[in-house]
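These notes are about the structure you will find just below.
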Amino acid sequence: MNLDCQHVREVMDSYLSEELSVETNHGFLRHVAQCRDCTAELRRRRRLRALLSETLDVAVDADRVRAHIAHAMDRELRSWVRVVRLGAVAATLVAAVAVAYWAGRRVDAAAYDDSAEDHIACALTYPDGTAYDKVRAAQNLESPFEHIVDAVGLSHGLYHVIDAHMCPYKGRNYAHVVIRGDGQTLSLFAERAERGALPATPTTVLAGDTLDVHATTRLGYRISAVATRDHRLFLVSERPIDPPDLAQDILRSAVRFIRGLEN
């Protein structure tokens with residue numbers, strides 16, 4: 001193991017915990033993209049963390065909670081007053097659970113900013129002339145996003161995919177497809193919808209695919225976002241894409257792929 005590998009192994013857990021600086025993070029990714037041994041070690045540590053997370057994750061047993069409430073109400077059936085009182089308590093408990101659930105899924109105000117910032121921190125650092133490497137992308141993408149590039153397509157007119165990888169950023173774990181052409185760089189991000197929802201009112205509806213597009217501008221970048229049942233997608237560009245249909249085609253292809261994962 002050479003000195004580069006030794007350094008990467010030393011910071012690997014910090015990378016997985018998203019504790020590295022942006023510069024160190026991308027230097028780490030560049031090394032892993034070229035080193036099979038470090039790629040294998042990274043996958044091993046990811047699997048270990050996933051197993052630990054599944055082991056420690058305790059799900060709420062809703063049936064058991066309902067059974068406890070029903071049992072308590074049965075004991076109080078002798079008195080209508082007590083029934084009413086218990087009904088009020090049960091309603092309060094249900095309301096509290098509902099409030100906690102929806103509070104946990106509040107609108108994620110940082111979603112647009114994070115995608116624009118990661119576009120700057122990652123996509124714009126690729127040197128001119130970078131070409132897509134299928135082997136490198138396969139090493140750096142994780143389930144269930146391994147085939148996102150095949151679904152989106154390598155070329156769209158003047159635009160071509162130059163890389164794809166998992167891109168941790170501020171607690172997110174994007175599948176990041178970097179696309180370049182016509183003098184600008186695009187980022188397509190896909191992530192699980194674990195941090196809230198997009199705004200309720202779309203800015204555009206793409207006919208034929210029932211896609212509600214939520215478009216905005218952040219940090220000078222144009223961002224088009226689409227929410228599916230379990231995921232969110234963001235297309236970040238530096239200026240309007242010409243022709244405009246090209247951006248819609250990229251989003252459509254990505255959404256069809258994601259919806260296929262969800263079925």
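A few comments on the model shown:
- For the stretch 183-198, the tally of residues that are in contact with a Gly (Cβ under 9 Å, 6 or more places away or on another chain) and either open to solvent by less than 20 Å² (accessible area, probe 1.4 Å) or among the aliphatic types (A, V, I, L, M) (or both) stands at 1.
- Scanning the stretch 1-47 for residues that are in a loop (DSSP other than H, G, I, E, B) and out of contact with any helix residue (DSSP H, G or I) (no Cβ under 6 Å at 6 or more places or on another chain), we see that the one that is surrounded by the most Cβ atoms within 10 Å (Cβ to Cβ) is Cys35.
- The lone criterion from (1) in a strand (DSSP E or B); (2) open to solvent by 40 Å² or more (accessible area, probe 1.4 Å) left unmet by Gly260 is number (1).
- Neighbours by Cβ (under 6 Å, 6+ apart or cross-chain): first from the stretch 8-37, at pLDDT below 85; second among the charged types (D, E, K, R): Ala33/Arg136
- Residues being outside any loop (DSSP other than H, G, I, E, B) and surrounded by fewer than 17 Cβ atoms within 10 Å (Cβ to Cβ) - total across the stretch 219-245: 2
The values are calculated or read from the model by the stated rules, or taken from the named source; none is laboratory data. These numbers come from a predicted model, not from an experiment. Heads up, the Cβs are rebuilt from the backbone with ideal geometry, glycines too, and the neighbour counts pull from every protein chain shown. Only protein heavy atoms, including side chains, enter the accessible area calculation; ligands, DNA and RNA are left aside. Shrake-Rupley method; radii C 1.70, N 1.55, O 1.52, S 1.80 Å.
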